[in-house]
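The numbers here are math on the coordinates, done by the rules we state, and not lab data. If you're wondering where the values come from, they're calculated on a predicted model, not measured in any experiment. Using ideal geometry, Cβ is built from the backbone for each residue, glycine included, and neighbour counts are taken over all protein chains shown.
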Ligand code: NAI
């Protein structure tokens with residue numbers, strides 16, 4: 001079991017939803033957390049204030065992780081502040097759902113850039129630091145949609161499936177180091193992203209979930225804690241946390 005106290009983690013899109021739950025869970029374990037945000041400055045600062053008032057170490061950094069230079073700045077800021085990086089949670093994500101006939105090239109590119117190309121950006125910048133860690137962890141928040149497909153989600157499904165291929169390949173390349181690379185594939189989790197879905201559709205989704213409810217962001221955070229603490233021999237995997245919706 002890895003002692004998480006004193007480790008340093010970066011959570012992209014870490015101020016809200018699943019990212020907030022992951023940031024909070026890590027901080028409560030004594031991890032120094034760098035909360036990345038793009039536009040949610042108020043939420044990021046409020047979370048920093050809350051965690052610091054509870055005795056945790058937290059710091060917010062603005063960066064659009066779909067841009068290589070900004071991702072580099074994020075990693076540099078984390079190293080400047082805390083001296084090392086042990087854990088990267090690639091959580092930032094967006095949807096721009098349209099049936100393929102109506103999908104513009106711009107909506108394709110933006111979803112691929114934020115969800116998938118951001119992995120190139122953060123990983124390339126962090127590798128020199130994370131490979132120095134005695135227990136490096138790269139965890140990519142993919143999605144059940146990358147496994148099953150989703151109506152109106154060709155862009156998102158392609159990006160999320162791409163994250164899994166990236167995860168497995170990087171896991172192979174880093175297997176001789178102390179860095180493990182894994183993906184978590186959440187099912188439907190009750191955050192702003194799912195709140196945007198019309199109520200009638202939400203009811204239809206819940207009816208199909210064997211567990212008959214949406215997941216909570218904290219249930220994804222528990223998967224992250226498992227991989228960080230007990231996952232030294234777990235690499236290249238997809239951890240499905242989805243209430244049994246996809247097996
Ligand atoms: P959310 O919309 O609440 O959080 C996404 C976060 O990413 C936000 O804080 C947003 O500001 C940030 N972000 C967006 N673009 C960014 C950029 N360019 N640079 C930096 N940060 C950026 O969504 P939620 O639900 O918390 O999703 C978190 C992750 O989990 C996403 O990758 C999403 O695709 C994935 N996911 C969510 C599911 C759900 O049911 N909520 C299901 C499966 C996967």
Got a sec? Which helices (runs of 4 or more DSSP H) wholly within region 131-247 have at least 2 residues that are touching a strand residue (DSSP E or B) at 6+ places or on another chain (Cβ under 9 Å), touching a residue at least 24 places away in the same chain (Cβ under 8 Å) and surrounded by 15 or more Cβ atoms within 10 Å (Cβ to Cβ)? 145-148, 154-174, 217-230
Filter region 1-25 down to the residues that are surrounded by fewer than 23 Cβ atoms within 10 Å (Cβ to Cβ) and in a loop (DSSP other than H, G, I, E, B) and list them by number. 1, 2, 3, 4, 5, 6, 16
Considering only residues that are away from the ligand (no atom under 13 Å from the Cβ), surrounded by fewer than 16 Cβ atoms within 10 Å (Cβ to Cβ), without any contact (Cβ under 8 Å) to a residue 24 or more places away in the chain and assigned to a helix (DSSP H, G or I), which ones fall in region 46-78? 49, 50, 52, 53
